[in-house]
Amino acid sequence: MTFSPLEQSVLAEIRPTKEELDRMYALADRLIADIRGSGKADGMMVGSVARKTCVHGDRDLDVFMLFDPALPREDLEREGLALAWSIAQQYTDIIREKYAEHPYLNATIDGFDVDLVPCYQVKEATGIQSAVDRTPFHNRYISSRIGDFTDDVLLLKQFVKAGGVYGSDQMTEGFAGYLCELLVLHHGGFHNLLKAAAGWKPGMFIDIEQHAAKWFDEPLVVIDPVDPCRNVSASVSDTKLLEFIELCQGYLKSPSKWFFYRPPICILTEEEVSALLKGRESAFLAITLKTPPYIEDIVVPQLRKSLHTLVDLLKRHEFVVIRADTWMLEDRSMLLFELLVDTLPAVRFHAGPPVTAHVNAAKFIDKYIHSDIIFAGPFIRDGRYGVELPRRYRQASDLLSSNEVFGTALGKHVKHSMKDEFVVHSGLECWQPGFEPFISEFLQKSSPLVRIRRAEARTS
């Protein structure tokens with residue numbers, strides 16, 4: 001594959017060095033020997049390090065502990081975690097239990113971020129008993145085919161990282177490393193992929209092995225070569241797919257280094273935020289809560305669900321939501337809302353039954369004809385009876401502070417956390433410590449290509 005001088009210079013910076021690969025392989029070998037030495041499981045290094053598609057500076061090392069498939073699931077969790085603890089404690093005191101589909105260990109060893117993950121040693125990916133069981137098959141599939149395309153994968157990873165569309169986590173909703181590898185293999189290199197992707201539309205379907213056994217309706221469908229019932233790109237949202245398409249089109253038209261090196265986020269000062277809020281003349285509200293003690297892939301979907309249900313609550317009370325977003329930190333999370341206004345008139349219109357629905361219409365009139373709480377009515381509007389009533393919540397902050405939020409479909413763990421404690425912030429109060437990058441990006445929102453073109457203009 002022939003790369004441009006720009007791409008060659010990028011590769012020179014992002015290729016992992018032999019020294020760092022040797023260090024990671026040596027550590028992995030020691031851990032695998034410990035696993036095998038226990039007599040309880042086999043060991044295997046997986047992920048981009050194992051496939052030599054990691055970018056220089058990556059410190060993530062994934063080591064799987066493969067157990068007999070006959071072992072009951074609860075025993076796998078118990079014995080797997082116990083084995084991981086016994087091994088990790090030989091190397092470090094910095095150990096964290098984490099929870100996905102089942103528990104695993106994360107440890108900092110010799111400066112590397114090591115995951116020790118129990119799984120079943122199944123014969124075929126279609127026979128998996130837990131989601132992680134297919135990862136060893138991914139490893140074998142890519143390792144046997146990647147060959148001369150390693151640099152292409154590295155370029156693509158750097159390209160999507162800089163573009164802000166890399167990562168299958170729930171916060172990013174973008175392209176996983178394995179997906180990047182498959183796309184490069186399928187299209188025969190970085191350049192060919194970009195040319196093809198520039199013409200993609202939502203609904204793109206790719207089945208490398210031509211063995212799809214299930215239909216998917218996600219924006220991008222890439223059937224897993226080792227599992228015909230799985231979409232590798234299920235995490236990719238509509239927006240991230242379109243942003244990737246935009247990036248490909250932009251690079252092909254006018255490549256620059258900014259497609260590989262993301263300009264740093266301009267962190268606004270409190271004074272700048274204050275000026276922007278005044279200039280927008282909209283209303284900002286935020287809810288902060290303690291982050292539930294679960295992994296990001298569990299918490300973030302619940303935060304998004306909670307955000308959407310609270311947007312619906314605001315709309316039902318006639319507060320117009322311009323934009324909303326959420327962010328998760330290790331200790332605190334935020335739900336951020338921009339409203340057209342945060343104060344409404346005291347009066348609201350309440351629609352009743354159609355005039356032609358005689359029985360219900362009569363009941364409606366009887367209910368309100370002598371009421372002393374109405375401003376006006378009953379009267380006929382658009383074929384229905386209606387009345388003008390006092391508004392229960394004139395302030396959006398009062399609504400979001402009320403118990404009505406708990407009557408909505410909040411995420412389970414988010415609701416539990418909010419019942420313990422949550423705070424509603426208004427205006428400049430939303431500028432909370434730790435959330436400066438999130439709010440700065442919210443206020444300066446632009447597409448990846450627009451961000452790149454602005455960076456080019458500043459440096460030209």
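Taken over the range 128-147, the criterion of being farther than 14 Å from D224 by Cβ, part of a helix (DSSP H, G or I) and modelled with pLDDT under 90 is satisfied by G147 alone.
Results for (1) assigned to a helix (DSSP H, G or I); (2) farther than 30 Å from E101 by Cβ, shown as yes or no for each residue.
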| position | (1), (2) |
| --- | --- |
| C229 | no, no |
| K240 | yes, no |
| Q249 | yes, yes |
| Y261 | no, yes |
| E272 | yes, yes |
| K278 | yes, yes |
| L289 | no, no |
| Y294 | no, no |
| I298 | yes, no |
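Let's see how each residue does on (1) at pLDDT 95 or above; (2) farther than 15 Å from V405 by Cα; (3) outside the structural domain of I365 (by TED's automatic domain parsing):
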position: Q302; (1), (2), (3): no, no, yes
position: L307; (1), (2), (3): yes, no, yes
position: V311; (1), (2), (3): yes, no, yes
position: L314; (1), (2), (3): yes, no, yes
position: I322; (1), (2), (3): yes, yes, yes
position: E330; (1), (2), (3): no, yes, yes
position: S333; (1), (2), (3): yes, yes, yes
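Listed here are the residues, each with its yes/no results for (1) β-branched (V, I, T); (2) under 21 Å from E296 (Cα atoms); (3) in contact with a Leu (Cβ under 6 Å, 6 or more places away or on another chain).
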| residue | (1), (2), (3) |
| --- | --- |
| I146 | yes, no, no |
| T150 | yes, no, no |
| L154 | no, no, no |
| Y166 | no, yes, no |
| T172 | yes, yes, no |
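In the range 233-249, the qualifying residues are those that are at pLDDT 95 or above and of a type in the set (A, V, I, L, M, F, W, C), and the one that is surrounded by the most Cβ atoms within 10 Å (Cβ to Cβ) is F244. When each of L76, L116 is tested for being farther than 18 Å from M45 by Cα and surrounded by 21 or more Cβ atoms within 10 Å (Cβ to Cβ), the lone residue that passes is L76. Tell me which of these W327 doesn't satisfy, since it passes every other one: (1) touching a Gly at 6+ places or on another chain (Cβ under 6 Å); (2) under 30 Å from R96 (Cβ atoms). Going through the list (1) touching a Gly at 6+ places or on another chain (Cβ under 6 Å); (2) under 30 Å from R96 (Cβ atoms), W327 breaks only (1). Taken over the range 97-113, residues that are surrounded by fewer than 14 Cβ atoms within 10 Å (Cβ to Cβ), touching a residue at least 40 places away in the same chain (Cβ under 8 Å) and of a type in the set (D, E, K, R) amount to 1.
Meeting the requirement of 1 or more residues that are over 30 Å from L247 (Cβ atoms) and free of Cβ contacts under 8 Å to residues at least 12 places away in the same chain, the strands (runs of 3 or more DSSP E) wholly within the range 358-460 are 376-381. For first residues located in the range 17-46 and closer than 30 Å to D151 by Cα, partners that are among the hydroxyl-bearing types (S, T, Y) and crowded, with 16+ Cβ neighbours inside 10 Å and lie 6+ apart or on another chain with Cβ distances below 7 Å form the pairs V46/T135.
Farther than 30 Å from P433 by Cα and either in contact with a helix residue (DSSP H, G or I) (Cβ under 6 Å, 6 or more places away or on another chain) or at pLDDT below 95 (or both), is that true of D342? When the stated conditions are applied, D342 does not pass them. Being surrounded by fewer than 19 Cβ atoms within 10 Å (Cβ to Cβ), within 24 Å of the chain's Cα centre (by Cα) and in contact (Cβ under 8 Å) with a residue 40 or more places away in the chain is the filter here, so list the residues in the range 250-292 that pass it. Within the range 250-292, Y261, R262, P263, I265, C266, I267, K290 qualify.
Given the structure, is K419 crowded, with 16+ Cβ neighbours inside 10 Å, assigned by TED's automatic domain parsing to the domain that holds D312 and of a type in the set (D, E, K, R)? Considered against the rule, which asks whether it is crowded, with 16+ Cβ neighbours inside 10 Å, assigned by TED's automatic domain parsing to the domain that holds D312 and of a type in the set (D, E, K, R), K419 comes out as no. Quick check on the range 312-319. Is at least one of its residues touching a residue at least 12 places away in the same chain (Cβ under 8 Å), among the charged types (D, E, K, R) and out of contact with any Ser or Thr (no Cβ under 6 Å at 6 or more places or on another chain)? Checking the range 312-319: at least one residue is touching a residue at least 12 places away in the same chain (Cβ under 8 Å), among the charged types (D, E, K, R) and out of contact with any Ser or Thr (no Cβ under 6 Å at 6 or more places or on another chain). Within the range 16-66, restricting attention to residues that are in contact with a Gly (Cβ under 9 Å, 6 or more places away or on another chain), part of a helix (DSSP H, G or I) and of a type in the set (V, I, T), the residue that is surrounded by the most Cβ atoms within 10 Å (Cβ to Cβ) is I35.
The values are calculated or read from the model by the stated rules, or taken from the named source; none is laboratory data. Computed from a predicted model, the values in this text were never measured in an experiment. All Cβ positions, even for glycine, are placed from backbone atoms using ideal geometry, and neighbour counts span all protein chains on display.
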